[in-house]
Amino acid sequence: MLNKLNNLISNSLENELLEFKEAKNTYDLDKLGKYFSALSNEANLSNSSEAWLIFGVNDKRNIIGTQFRPKFADLQSLKAEVANHTTNRITFIDIHEVITESGRVIMFQIPPAPNGLPIAWKGHYYGRDGEELQPLNLEEIDRIRRKSTFIDWSSGICESATVNDLDSAAIEKARLQYKVKHPHLVEQINQWDDTTFLNKAKLLINNQITNTAILLLGKSESEHFISPALAKITWILKDKDNLELDYQHFSCPFLLNVEAVYSKIRNLKYRYIRDGSLFPEEIEQYDPYIIREALNNCIAHQDYTVTGRINVVENDGSSLVFSNAGSFIPGSVENVIEQDAPQEQYRNPFLANAMVNLNMIDTIGSGIKRIFTIQKRRFFPMPDYTIDNNRVMVTITGKVLDMAYAKLLATNPELSLVDILLLDKVQKKKPLTDEEITHLRTNGFIEGRKPNVYISSTIAHETAQQTDYMKQKGIDNEYCRKMIIDYLTKFKTGTRENFEKIILSKLPDVLNDTQKKNKIRNVLQSLKDKNIIEIDHGKSWRIKNV
């Protein structure tokens with residue numbers, strides 16, 4: 001177990017599946033039980049075989065040793081003590097005691113919650129949000145429960161439907177796409193009748209029409225076969241004030257109507273501001289691959305059991321928003337970007353497999369990652385994923401939002417997608433976790449204090465952002481103090497409102513108005529504490545006569 005311990009300490013981030021605690025002498029049983037519940041549930045959600053709670057290691061990953069339950073029998077009795085308060089009396093896989101040169105370490109090996117059975121501690125379900133212990137949210141509870149009762153809606157049979165309810169043009173298009181995907185079968189495909197082909201392409205099951213066949217190939221009037229589910233894609237065009245200018249609904253067959261939706265989108269030419277030879281003169285706002293991939297992902301991952309529709313919203317030539325009903329099964333976009341393997345679970349596996357056979361999507365997990373890479377290559381902002389209320393929305397921006405950020409990508413081609421995602425958050429002023437801030441700061445990418453971080457002076461210099469950097473950094477406290485003292489020396493007295501008028505505009509843009517005013521108040525208080533200035537009747541400040 002010493003090798004396992006060293007591996008966890010040196011190679012793993014403290015995350016939803018790993019927790020280090022000092023526990024020098026004792027540790028509260030109730031809190032230990034909550035961590036057991038949280039780590040077990042997170043292991044299930046991430047399809048992991050185990051999670052770890054480790055005593056005797058501090059936050060800096062240094063082994064400091066623990067005297068928690070020094071007797072072996074007392075330590076092992078924890079298995080029963082935990083089982084007494086967990087769902088179905090589930091407890092540790094094992095409790096390992098490891099003696100190192102730096103001290104004794106206890107490794108609690110925690111099993112994943114069984115499929116369909118989230119683990120509670122004393123009747124409450126727990127999970128992790130980054131490193132924080134939190135109640136397990138309803139979506140995660142439902143996701144664990146659905147794993148044992150999973151029914152693939154897309155493989156359902158439409159009892160009264162026949163091949164005649166499918167669109168002949170869609171079938172012909174399916175044949176062409178199947179040949180592209182399987183070029184070695186072209187001669188055989190030409191010999192198959194429609195029913196044989198549809199069985200081979202895994203759109204039918206034993207000659208029976210499936211929900212998938214209706215979605216992808218069905219005539220528009222055949223949608224009723226999948227009721228109460230909807231086969232609907234809605235395209236909406238909005239102006240700069242978010243008012244609808246135009247819209248159109250599309251039904252099955254999706255195989256053909258993906259192209260019909262694509263044709264509605266105004267993929268205008270976007271002209272870059274020239275900067276030497278850095279940018280091309282003009283480019284389409286949206287790469288065609290991105291539009292098709294995003295839309296096909298919506299079709300493949302839509303939760304058709306909740307009677308929702310797929311939406312494509314075009315916002316005044318600035319962005320496209322694709323949305324579908326259902327949770328985001330990988331959990332987070334970061335998981336998709338970081339993993340180098342296909343997704344392990346699909347909401348509609350039969351549908352997804354059929355779409356692979358028709359060359360609509362792939363199953364190697366590269367589609368989303370390729371979207372990010374294309375945006376990176378174009379120096380455009382990264383896609384924004386919003387996962388909320390059992391709905392997934394992805395926003396694709398079709399222009400440069402910040403030329404300085406675009407230059408950053410152009411002049412630092414070695415940046416990984418993970419780093420670019422984090423820097424994208426900084427540019428968009430999105431919240432960052434402590435772990436993300438530490439990573440960016442360690443690599444010299446950012447400066448400032450949370451939450452007001454900004455791209456560092458080093459990066460600013462490399463990307464010609466010096467002006468923006470100084471604007472964000474603003475003036476320091478010493479300069480504020482000098483301005484206040486100079487004002488009082490010249491005008492004898494002054495109110496905080498007077499100081500705000502001359503200083504607020506010079507403070508960094510990363511601060512909001514309240515934070516800027518608080519900064520001035522703190523500088524005044526500092527000068528007062530040093531007996532440099534004093535306040536008269538609670539309003540006017542003046543130089544203190546010593």
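The values are calculated or read from the model by the stated rules, or taken from the named source; none is laboratory data. Owing to the predicted nature of the structure, the values given are computational and were not obtained by experimental measurement. We place every Cβ from the backbone using ideal geometry, glycine too, and count neighbours over all the protein chains shown. Side chains are part of the model used for accessible areas, which takes the heavy atoms of the whole protein and leaves out ligands, DNA and RNA. Shrake-Rupley method; radii C 1.70, N 1.55, O 1.52, S 1.80 Å.
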Q) Right, Ser37: among the polar types (S, T, N, Q), at pLDDT 90 or above and in contact with a helix residue (DSSP H, G or I) (Cβ under 9 Å, 6 or more places away or on another chain) or not? A) yes
Q) Within region 166-184, restricting attention to residues that are of a type in the set (A, V, I, L, M, F, W, C) and within 11 Å of Asn357 (Cβ to Cβ), which residue is least open to solvent (accessible area, probe 1.4 Å)? A) Ala174
(Q) For region 25-48, check the following and say yes or no: at least one residue is of a type in the set (A, V, I, L, M, F, W, C) and over 20 Å from Asp129 (Cβ atoms). (A) yes
(Q) Six or more apart or on different chains, Cβ atoms under 9 Å: show the pairs whose first residue is in region 374-394 and more than 15 Å from Lys425 (Cβ to Cβ) and of a type in the set (D, E, K, R) and whose second is modelled with pLDDT under 85 and assigned to a strand (DSSP E or B). (A) Arg378/Ile283
Q: Would you point out which residue out of Ala464, Ala460, Ala406, Ala410 is of a type in the set (A, V, I, L, M) and either open to solvent by 50 Å² or more (accessible area, probe 1.4 Å) or at pLDDT 80 or above (or both)?
A: Ala464
Q. Any residue in region 285-298 that is open to solvent by less than 50 Å² (accessible area, probe 1.4 Å), of a type in the set (D, E, K, R) and touching a residue at least 40 places away in the same chain (Cβ under 8 Å)?
A. yes
(Q) Considering only residues that are at pLDDT 90 or above and closer than 30 Å to His182 by Cβ, which ones fall in region 313-348? (A) Phe322, Asn324, Asn348
Q) In region 186-206, is there at least one residue being in contact with a Cys (Cβ under 6 Å, 6 or more places away or on another chain) and buried (at least 16 other Cβ atoms within 10 Å of the Cβ)? A) no
(Q) Name the residue that is nearest to the chain's Cα centre (by Cα), counting only residues in region 518-533 that are farther than 11 Å from Arg481 by Cβ and either at pLDDT 90 or above or open to solvent by 90 Å² or more (accessible area, probe 1.4 Å) (or both). (A) Arg521
Q: Would you mention how many residues in region 346-396 are polar (S, T, N, Q) and assigned to a strand (DSSP E or B)?
A: 2
Q: For region 492-511, name all the residues that are at pLDDT below 85 and open to solvent by 80 Å² or more (accessible area, probe 1.4 Å).
A: Ser505, Lys506
Q: Among the residues of region 157-199, count how many are touching a residue at least 12 places away in the same chain (Cβ under 8 Å) and part of a helix (DSSP H, G or I).
A: 17
Q. Which one is nearest to Tyr289 (Cα to Cα), of the residues in region 349-370 that are open to solvent by less than 30 Å² (accessible area, probe 1.4 Å) and at pLDDT 90 or above?
A. Met360
Q | All positions within region 410-433 that are under 21 Å from Thr386 (Cα atoms) and among the charged types (D, E, K, R) | A | Asp419, Asp424, Lys425, Lys428, Lys429, Lys430
Q.
Go through (1) of a type in the set (Lys, Arg); (2) over 14 Å from Trp121 (Cα atoms); (3) more than 31 Å from the chain's Cα centre (by Cα) for Arg61 and report which single condition fails.
A. (3)
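Restricting attention to region 113-129, report how many residues are more than 26 Å from the chain's Cα centre (by Cα), assigned to a strand (DSSP E or B) and either under 16 Å from Trp52 (Cβ atoms) or not aromatic (Phe, Trp, Tyr) (or both).
2
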Q: Give the residues of region 222-250 that are open to solvent by 20 Å² or more (accessible area, probe 1.4 Å), closer than 30 Å to Ile209 by Cα and of a type outside the set (Lys, Arg), sorted by residue number.
A: Glu223, His224, Phe225, Ser227, Pro228, Leu230, Gln248, His249
Q: Scan region 119-130 and report the pairs whose first residue is under 15 Å from Leu18 (Cβ atoms) and modelled with pLDDT under 95 and whose second residue is of a type in the set (Ser, Thr, Tyr) and open to solvent by 60 Å² or more (accessible area, probe 1.4 Å), with Cβ atoms within less than 8 Å and a gap of 6+ or a chain change.
A: Gly130/Thr433
Q) Applying the selection to region 118-149, what residues are open to solvent by 90 Å² or more (accessible area, probe 1.4 Å) and among the hydrophobic types (A, V, I, L, M, F, W, C)? A) Leu138
Q) Given region 21-112, what helices (runs of 4 or more DSSP H) lie entirely inside it while holding 3 or more residues that are among the aromatic types (Phe, Trp, Tyr) and surrounded by 15 or more Cβ atoms within 10 Å (Cβ to Cβ)? A) none
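Look at region 137-156 and say how many of its residues are assigned to a helix (DSSP H, G or I) and under 15 Å from Ile226 (Cα atoms).
Looking only at that region, the number is 3.
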